[in-house]
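**Q** The structure under discussion is supplied below as C-alpha cells; questions concerning it will follow.
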Amino acid sequence: MTVTPRSGEAVEKTRIGVIGAGWIATERHIPVFQSRSDVEVVGICRLGEEELRKAQRRFGIGYGTQDYRELLSIGKLDGVVVSSPHDCHYEHARAALERGIHVLCEKPMTLRVEEAKHLAEETKKRNLHFVIPYGWNYMDYTAAAKTAIDGGEVGHIEHVLCHMGSALRDLFTGTGASFAEQAFFKPELKTWSDPKVGGGFAHGQLTHAVALLLWITGLEVAEVFAFSSAARSGADLYDAMSCRFRSGATGMIGGAGTMPPGSPYQVDIRVFGSDGMLLLDIERPRLEIYRNDGRHHSISVNHAPGEYTCHEPLFRFVDLLQGKPVENCSPASLGEQVVAILDAGLRSAASRRVETA
C-alpha cells in the first residue's frame, strides 16, 4: 500500500513488527509508529494469549503470535522492534539481523559485551540499520555539545564525569511501579529487579546517561573499577564506576535510582580537556563551555527540567529505513561501548578487581 506524506511524494508504507509487546511497546513504540501515516505495525509478539489478543484489539493489529520466529517469518518486514525482557534482547535482535531485517532494540542493547560486539558486527556485515532508542542522544543540545567537542572547544579530552539520578526505587526493588499505575500493561517487575536477567539501575537507567556521554565524546572504554550497592532484590540501586578510556582519559560514571517519587531526571555530564571544559546539565537545563583562553560561552537549552522524550529515535528509525539522509545517533557501535562499560562495571563490583572492558 502506498501513502502520500506531506511532501506529496508517494511511498510504500514501512512495515514494522514488534517483539515484546509489553509495557514499553504499548506505551511508547506502537503509539508512536501508528502516529505516522507512512508506517504500518503489521504484527506483534508477546507471551500470554489473553494479553496478546488484548494488545491486538487495543491497537487494531491483525497478526499476533507468542513465537518471535513466526513474527519474523510473516512476510516482508522492513524493521522490527525488540522490546522484550533485557536478557532476551540478544537472541531476538540477532534472529532479526540474520533474516536481513533492520532492528530498533530497546536498552540495554545486551547484558554482555561479547553479545553486543556480535550484534554490532552483524549489523555492519549485513549493512543494516540498528537503532537503540536513547532519547537524549537526539536532542538539539546534544548535537550542540557534540559539535563543540568535535570542533575542539575543549581540546584533547582528559577526564569526564557522568552522573544520573532517577526515581525508580520501587521498580528496582521489585515492590511496584508507581509511575505506571495507569499503563495499559504494567512493567514486569522481575525484568527490572532481578540481576540475573539484567535488573537494576545500571541496565535500567544509567545506560541512558552513558550513551549520551559516549556519543558526544567518542570515547571508548578500556578498563573499569566499580562499587555498587544493591536492594534486597539483589539489583543495583547505586553505582560508582571509575574508568580509563583507550585514549588515556579517565572518568567517573555513576548515580542512583532512588530519587523521591516524581522527581525529574538528574543528568550531569562534564568533559574536561586540555583547552577547557564543557558542562551539560539536563536537570537544570544548561550547556556551558569554559575555556582556558577566557572565551567562555553558553548555548541555549530550551527544554523543561529533567525532560526525557523518546519519539525522535523511533521516527529516525523509520526515516533511515526509508532511505532519508538522517543521522543515527545511537547505532549498534555505540551500544557496544555502553554495554562494555556497564558489563565491566558490574563484573568489577562483584570481583572487587579492575575489569577489562
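The values are calculated or read from the model by the stated rules, or taken from the named source; none is laboratory data. Not measured: the values here are computed from a predicted model. No Cβ is skipped: glycine too gets one built from the backbone with ideal geometry, and neighbour counts run over all protein chains shown.
**Q** Could you list, ordered by first residue, the pairs with Cβ atoms under 9 Å in which the first is in the stretch 66-82 and not assigned by TED's automatic domain parsing to the domain that holds residue 33 and the second is of a type outside the set (Gly, Ala, Ser) and part of a helix (DSSP H, G or I), at least 6 apart or interchain?
**A** Within 9 Å, no pair qualifies.
**Q** Looking at the stretch 197-223 only, could you name the residues that are closer than 21 Å to residue 90 by Cβ, touching a Ser or Thr at 6+ places or on another chain (Cβ under 7 Å) and buried (at least 23 other Cβ atoms within 10 Å of the Cβ)?
**A** Those that are closer than 21 Å to residue 90 by Cβ, touching a Ser or Thr at 6+ places or on another chain (Cβ under 7 Å) and buried (at least 23 other Cβ atoms within 10 Å of the Cβ): 199, 205, 211.
**Q** Which residues, taken from the stretch 292-301, are under 27 Å from residue 138 (Cβ atoms) and either of a type in the set (Gly, Ala, Ser) or touching a residue at least 24 places away in the same chain (Cβ under 8 Å) (or both)?
**A** Across the stretch 292-301, the qualifying residues are 298, 299, 300, 301.
**Q** Please specify each residue of the stretch 137-155 satisfying the condition of being under 12 Å from residue 277 (Cβ atoms) and either of a type outside the set (Gly, Ala, Ser) or not assigned by TED's automatic domain parsing to the domain that holds residue 281 (or both).
**A** Result: 149, 153, 154.
**Q** Where the second residue is assigned to a strand (DSSP E or B) and of a type in the set (Ser, Thr, Tyr) and the first is modelled with pLDDT of 95 or more and lies in the stretch 249-274, which pairs have Cβ atoms under 7 Å and are six or more apart or on separate chains?
**A** Sorted first by the residue in the stretch 249-274, then by its partner, the pairs are 252/242; 256/238.
**Q** Same structure, new question: Here are some conditions: (1) in contact with a Cys (Cβ under 8 Å, 6 or more places away or on another chain); (2) outside any helix (DSSP H, G or I). Residue 335 meets all but one. Which one does it not meet?
**A** With (1) in contact with a Cys (Cβ under 8 Å, 6 or more places away or on another chain); (2) outside any helix (DSSP H, G or I) applied to residue 335, the lone miss is (2).
**Q** Ok, one more. Has the stretch 124-132 got at least one residue that is in contact with a Pro (Cβ under 7 Å, 6 or more places away or on another chain) and closer than 30 Å to residue 98 by Cα?
**A** yes
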